[in-house]
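Worksheet: one structure, shown below.
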Amino acid sequence: MTWKILAILIWLAALWYCPPVNAGQVALRNGDRLTGTLRAADAKKLTLHSELLGEIEIPWTAVETLMTAQPVYVSLSDGRVLAGTVAGGAFSLEISTQTSGRVTVPVDQLQALRSAAAQAAYQAEQQRLEHPGLFEFWGGSANAGLSLTRGN
């Protein structure tokens, strides 16, 4: 009886220890499949971080399908920012949001696609640009006003 309890405890510990997979998957037109964390994207290319390959920039024309397991932030050309998981292909993306449900947008309306960390960094930079500190963005030049000439 005790070995059964021990086996159950080991199984539960192993199950608790396994981290969830938060990877995105990109299927390319040539049949290749890449998995990793989706870092960023715009209307021309998307950037995927793979554990083995590092940062990979993929043009949208090479993408067959795209799926994310974790929520990403999608900025559209009309100013909207949608947060949710993304599935789609080279021509349109379907964003599953908690507030709006499923929203389908064409890729040419995509302004930026960012991970949660990249979105936080972008918002912090926008906040810094809109409300700079006292000693930020100062620039200038100095001139002594001397001019040495020779001539007639």
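The values are calculated or read from the model by the stated rules, or taken from the named source; none is laboratory data. All of these numbers come straight from a predicted model, not from anything done at the bench. Neighbour counts are summed over all protein chains in view; Cβ atoms, including those assigned to glycine, are modelled from backbone coordinates with ideal geometry. Ligands, DNA and RNA are stripped out before the accessible areas are found, and what is left, the full protein with its side chains, is counted by its heavy atoms. Shrake-Rupley method; radii C 1.70, N 1.55, O 1.52, S 1.80 Å.
Name the residue farthest towards the positive end of the dipole of the chain from the options Thr61, Leu38, Leu76, assuming +1 on Cβ of Lys and Arg, -1 on Cβ of Asp and Glu, about the Cα centre.
Working it through, the farthest residue towards the positive pole turns out to be Leu38.
Using label points projected 7 Å from each Cα along Cα→Cβ, tell me how many nm separate Leu129 and Ala144, to one decimal.
Those two pseudo-labels are separated by 3.9 nm.
Calculate, for Thr35 and Glu57, the FRET efficiency according to 1/(1 + (r/R0)^6) with r their C-beta to C-beta distance and R0 22 Å; round to the nearest 0.05.
Numbers: r = 16 Å, r/R0 = 0.73.
Rounded to the nearest 0.05, the efficiency is 0.85.
Positive end of the dipole of the chain, charges at C-beta (+1 Lys, Arg; -1 Asp, Glu), about the Cα centre: which of Leu113, Leu48, Trp138 has its Cα farthest in that direction?
Leu48
What do you reckon, how do His131, His49 stack up by accessible area (1.4 Å probe), largest on top? Let's see the in-between values first.
Values: His131 120, His49 60 Å².
Correct descending sequence by accessible area is His131, His49.
Using heavy-atom solvent-accessible surface (probe 1.4 Å) with all chains present, what is the largest-first order of Asp42, Asp78? Spell out each step's value before the answer.
Numbers: Asp42 50, Asp78 95 Å².
Accessible-area ranking of Asp42, Asp78, largest first: Asp78, Asp42.
Under the Karplus relation 6.51 cos²θ - 1.76 cosθ + 1.60, θ = phi - 60°, what is the ordered set of whole-Hz ³J(HN,Hα) values for segment 34-41, x standing for Gly and Pro?
10, 10, x, 9, 6, 8, 7, 7
Report, in deg cm²/dmol and to the nearest 500, the calculated mean residue ellipticity at 222 nm for the chain, where each DSSP H run with n ≥ 4 adds -39500 (n - 2.57) and the sum is divided by the residue count. If you can, show how the numbers build up before the last one.
Details: 2 runs with 31 residues, N = 152.
Only helices count here, giving -6500 deg cm²/dmol.
I'd like the GluC sites (Glu not before Pro) in segment 30-94 restricted to DSSP loop residues with at most 10 other Cβ atoms within 10 Å, sorted by number. Could you put the intermediate results ahead of the total?
Details: sites: Glu51, Glu55, Glu57, Glu64, Glu94; in loops: Glu51.
Here the sparse-neighbourhood loop sites are Glu51.
Given Cα pairs under 8 Å that are at least 6 residues apart, what percent is the relative contact order of the chain? Could the numbers behind the result be given before it?
Working: 232 pairs, mean separation 25.8, N = 152.
In percent, rounded to a whole number, it is 17.
For the chain, find the longest principal axis of its Cα atoms and tell me its angle to the long axis of helix 2-17, 0 to 90°, nearest 10.
The answer is roughly 20 degrees.
In segment 44-61, which residues have a backbone nitrogen under 15 Å from the label point lying 7 Å from Leu28's Cα in the Cα-to-Cβ direction?
Zone members listed by number: 45-61.
With +1 on the Cβ of every Lys and Arg and -1 on the Cβ of every Asp and Glu, and nothing else charged, how large is the dipole of the chain about its Cα centre, in debye rounded to the nearest 20?
On the way: 11 positive and 12 negative charges, 29 e Å.
Dipole about the Cα centre, nearest 20: 140 debye.
Nearest 10 degrees is fine. How inclined is helix 116-130 to the longest principal axis of the chain, computing both from alpha carbons?
Tilt relative to the chain: about 20 degrees.
Counting only Cα, what are the radius of gyration and maximum Cα-Cα distance Dmax of segment 39-109, in Å?
Values for segment 39-109 (Cα only, Rg and Dmax): 12.0, 36 Å.
Roughly how much of Ser147 is accessible, in Å² to the nearest 10, using a 1.4 Å probe?
Surface open to solvent at Ser147 totals about 90 Å².
Quick check on the chain: take the gyration tensor over C-alpha atoms, sort the square-rooted eigenvalues as a ≥ b ≥ c, and tell me if it's rounded (a/c under 1.5), prolate or oblate.
On the way: a/c = 2.57, a/b = 1.93, b/c = 1.33.
Judged from the Cα gyration tensor, the chain comes out prolate (a/c at least 1.5, a/b above b/c).
Considering only DSSP states other than H, G, I, E and B, which trypsin sites (Lys or Arg not before Pro) in segment 114-152 qualify as loop sites with at most 14 other Cβ atoms within 10 Å? All intermediate terms of the calculation are to be shown ahead of the outcome.
Working: sites: Arg114, Arg128, Arg150; in loops: Arg150.
Taking segment 114-152 and a limit of 14 other Cβ atoms within 10 Å, the loop trypsin sites (Lys or Arg not before Pro) found are Arg150.
Do any chymotrypsin sites (Phe, Trp or Tyr not before Pro) in segment 16-119 lie in a loop, going by DSSP, with at most 12 other beta-carbon atoms within 10 Å of their beta carbon, and if so which? Walk me through the numbers before you get to the answer.
Numbers: sites: Trp16, Tyr17, Trp60, Tyr73, Phe91; in loops: Phe91.
Sites meeting the loop and neighbour criteria: Phe91.
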